[in-house]
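We did not get these values from a lab; they are worked out from the coordinates using the rules stated. Being a predicted model, the structure only gives us computed values, none of them experimental. Cβ coordinates were reconstructed from backbone atoms using ideal geometry, including for glycine residues, and neighbour counts include every protein chain displayed.
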Amino acid sequence: MSDDQLSAEQRDARYVMHPLTDARANLQSGSLLMERGEGVYVFDNAGNRYIEAMAGLWSVGLGFSEQRLVDAAIKQLNRLPYYHAFSQKGHNPMVDLAEKLVGMAPVPMSKVFFTNSGSEANDTVVKMLWYRSNALGETQRKKFIGRKKGYHGITVASGSLTGLPVNHRSFDLPLPGFLHVSTPHHWREAQPGEGEEAFATRLATELEELILKEGPETIAAFIGEPVMGAGGVIAPPATYWEKIQAVLSKYGILLIADEVICGFGRTGNMFGCETFGIKPDIMVLSKQLSSSYQPISAILLNERVFEPIADETHTIGTFGHGFTGGGHPVAAAVALENLNILEERNIVGHVRDIAPALQEGLRTLSDHPLVGEVRGLGLIAAVELVTDKGAKSSRHPAGALGKRAAAILQNKGVISRAAGDALTFCPPMIVEKDQIDAILTALHSALDETA
Ligand code: PLP
């Protein structure tokens, strides 16, 4: 059949290889293609409406039709559609955005380095810290510690920081020198009778033992999301971050907060670091930075990180790293407008006000026979499905229950995302109570049909 006789879905099957997709399955049916967006809704090519209860990929904070972001992009496209930041050149939107981010940071930060995606940002952080260690003459200090189920992206280095088997399998990742400690998931990982604080103490001890085994002088940094997102929305147990940070300070190890999902209001504060009292040396930002209307990410560095790097660039004559699109003027202008809107409309306050509707609403499903755990805070949550509540397990292959429930829910007009058997929710932060109620009603009936 010639292309003009085919639907977009059939042409998708013919021409597109999708990320995070079974390519053979896509050859059969193509993908669900969205045609337009409005507020928290997206509409597919057939005109079906869905509540985007994942804000795309945890990212469209202001929803799918914020005209001011469109206008900001057009204005910048008309003024200066592109310029770069290499070799002591740049442009105004990048400077304005850097200043704004340093001003917003919950701990003192010194400089901002711009990249295009969360993965590129974390990849850049790895390279920066290798460079920094060399600058300090600490040539041994090259290892990174992440966590099992942590997600930091998929490039060779950021994929190595990630602790999810699906992102490693058949890719020959992680690279050597990328270590992973236990997931801070109390419901699943705590020993019988172990309270949250005792569990947190055990995890901090595990971290300290790993540092001692590897040699503290070999560890460049620890990386963590304040709340794990793609690993299944796992909020840390009480006292976790306090205890982890005490271990890191004891051995002089840097802390990287990956705020790619938590940043800009998601947990009910501007940053996840504020919610959990985290004092990082490096913050990685993306997604809700521009509500994903443009690809952009930012790395915030404190003086302790920046200074040795700056010395080395002076010795070498340059910092031999950067991306053509890093800090793109259109993306920077959109991000600035996005941050202005967050502040003007007090979106963080809205998240706090509306969060109980989602969190308490989801918890009313706890008695459902398929629900093992409901978890989350702010406007990020997960419902973990099991067939045996006592054993916290499913009789189906891992992930099958989550996939099935997500598909049924999608047919009811709500897009969630399955992380294994956990259904995750992260609606645009502009979501209203009636829309949360619609998500809950659809979910309830989807769970009944999944059983
Ligand atoms: N870090 C976190 C916490 C993420 O959730 C993600 C993406 O979901 C990334 C990094 C990678 O971002 P990107 O997909 O833009 O490369």
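Would you mind computing the Rg to Rh ratio of the stretch 123-282 from its alpha-carbon coordinates, Kirkwood style for Rh?
Details: Rg = 15.0 Å, Rh = 15.9 Å.
We get a ratio of 0.95 for the stretch 123-282.
Counting other C-beta atoms within 10 Å, which of Y15, Y251 has the fewest, and how do the rest follow?
Values: Y15 10, Y251 15.
So the ranking, lowest neighbour count to highest, is Y15, Y251.
How far, in nm, would the chain grow between E432 and T313 when pulled straight, counting 0.36 nm per residue and subtracting the alpha carbon separation?
Value of the extension gain: 37.9 nm.
Taking each full run of DSSP H in the chain as one helix, which ones are at least 20 Å long along their axis (Cα atoms) and have mean Kyte-Doolittle hydropathy of at least 0.5? Mind dumping the intermediate values first?
Values: long enough: 118-135 (25 Å, -0.53); 196-214 (27 Å, -0.15); 329-344 (22 Å, 0.78); 347-363 (23 Å, 0.21); 433-450 (25 Å, -0.06).
Membrane-span-like by this rule: 329-344.
How would you classify the stretch 65-215 from its alpha-carbon gyration tensor, with a ≥ b ≥ c the square roots of the eigenvalues: rounded for a/c under 1.5, else prolate if a/b is greater than b/c, otherwise oblate?
On the way: a/c = 2.14, a/b = 1.72, b/c = 1.24.
In terms of gyration-tensor shape, prolate.
For the chain, build the charge dipole from Cβ charges (+1 Lys, Arg; -1 Asp, Glu) around the Cα centre, then report which of L301, F319, F264 sits farthest towards its positive end.
Towards the positive end, the residue furthest out is F319.
With r defined as the distance between the Cβ atoms of A198 and D3 and R0 fixed at 51 Å, what FRET efficiency is calculated, to the nearest 0.05?
On the way: r = 62 Å, r/R0 = 1.21.
Computed FRET efficiency for A198 and D3: 0.25.
Test of understanding: ordering V284, V42, V166 by Cβ neighbours within 10 Å, fewest first, what list do you get?
Values: V284 26, V42 21, V166 13.
Ranking V284, V42, V166 by Cβ neighbours within 10 Å, fewest first, gives V166, V42, V284.
Radius of gyration and Dmax for the stretch 367-412's Cα atoms, expressed in Å?
So, for the stretch 367-412, Rg and Dmax equal 11.3, 31 Å respectively.
Which value, in nm² and rounded to one decimal, describes the direction-averaged projected area of the C-alpha convex hull of the stretch 1-72? Please list the in-between numbers first.
Numbers: hull surface 25.1 nm².
So the mean shadow area of the Cα hull is 6.3 nm².
Hey, how many Å between the Cα centroid of the stretch 412-451 and the Cα centroid of the stretch 132-210?
Between the Cα centres of the stretch 412-451 and the stretch 132-210 lies a distance of 30 Å.
I'd like the antiparallel share, as a percent to the nearest 5, of DSSP beta bridges with both residues in the stretch 70-344.
Working: 10 of 24 bridges.
Just about 40 percent of them are antiparallel.
Could you work out [θ]222 nm for the chain from helices alone, using -39500 (n - 2.57) per DSSP H run of at least four and dividing by all its residues? Round to the nearest 500 deg cm²/dmol. Please list the in-between numbers first.
Details: 16 runs with 185 residues, N = 451.
Computed mean residue ellipticity for the chain: -12500 deg cm²/dmol.
Any idea what the relative contact order of the stretch 70-344 is, in percent, if you count C-alpha pairs under 8 Å spaced at least 6 apart? Walk me through the numbers before you get to the answer.
On the way: 520 pairs, mean separation 75.8, N = 275.
Contact order relative to length: 28 percent.
Residues with beta-carbon under 15 Å from that of Y82, excluding Y82: net charge, scoring Lys, Arg +1 and Asp, Glu -1?
Working: positive: K75, R79, K89; negative: none.
With Lys, Arg at +1 and Asp, Glu at -1, the neighbours total +3.
Taking R0 as 22 Å, what FRET efficiency do you get between R169 and L27 from their Cβ-Cβ distance, rounded to the nearest 0.05? Walk me through the numbers before you get to the answer.
Numbers: r = 21 Å, r/R0 = 0.95.
For R0 = 22 Å, the calculated efficiency reads 0.55.
How big is the Rg/Rh ratio for the stretch 1-139, C-alpha atoms only, Rh by Kirkwood, two decimals?
Values: Rg = 21.1 Å, Rh = 19.6 Å.
Rg divided by Rh gives 1.07.
Fewest first, what order do Y151, Y240 take by the number of other Cβ atoms within 10 Å?
Working: Y151 27, Y240 21.
Final ranking by Cβ density, sparse to dense: Y240, Y151.
Given charges of +1 on the Cβ of Lys and Arg and -1 on the Cβ of Asp and Glu, with all other atoms neutral, how large is the dipole of the chain about its Cα centre, in debye to the nearest 20?
Values: 41 positive and 51 negative charges, 116 e Å.
Roughly 560 debye, rounded to the nearest 20.
Taking 7 Å along the Cα-to-C-beta vector as the label spot, tell me the E206-Y15 distance in nanometres, rounded to one decimal.
4.7
Please turn the phi angles of the stretch 321-328 into ³J(HN,Hα) values with the Karplus equation 6.51 cos²θ - 1.76 cosθ + 1.60 (θ = phi - 60°), one per residue in order, whole Hz, x for glycine and proline.
8, x, 10, 3, x, x, x, 2
How much length is gained if the chain between K250 and A407 is pulled fully straight, taking 0.36 nm per residue apart and subtracting their Cα-Cα distance, in nm to one decimal? Write out the running numbers ahead of the final one.
Numbers: separation 157, 0.36 × 157 = 56.52 nm, distance 4.72 nm.
Once the chain is fully extended between K250 and A407, it gains 51.8 nm.
Express the Stokes-Einstein translational diffusion coefficient of the chain in µm² s⁻¹, to the nearest whole number, given a Kirkwood radius over alpha-carbon pairs, 37 °C and a viscosity of 0.692 mPa s.
Working: Rh = 22.9 Å.
For the chosen part, D equals 143 µm²/s.
So if each residue of separation counts as 0.36 nm, and I subtract the Cα-Cα distance between K213 and T324, what length gain in nm does that give?
Values: separation 111, 0.36 × 111 = 39.96 nm, distance 4.04 nm.
Taking K213 through T324 to full extension adds about 35.9 nm, to one decimal.
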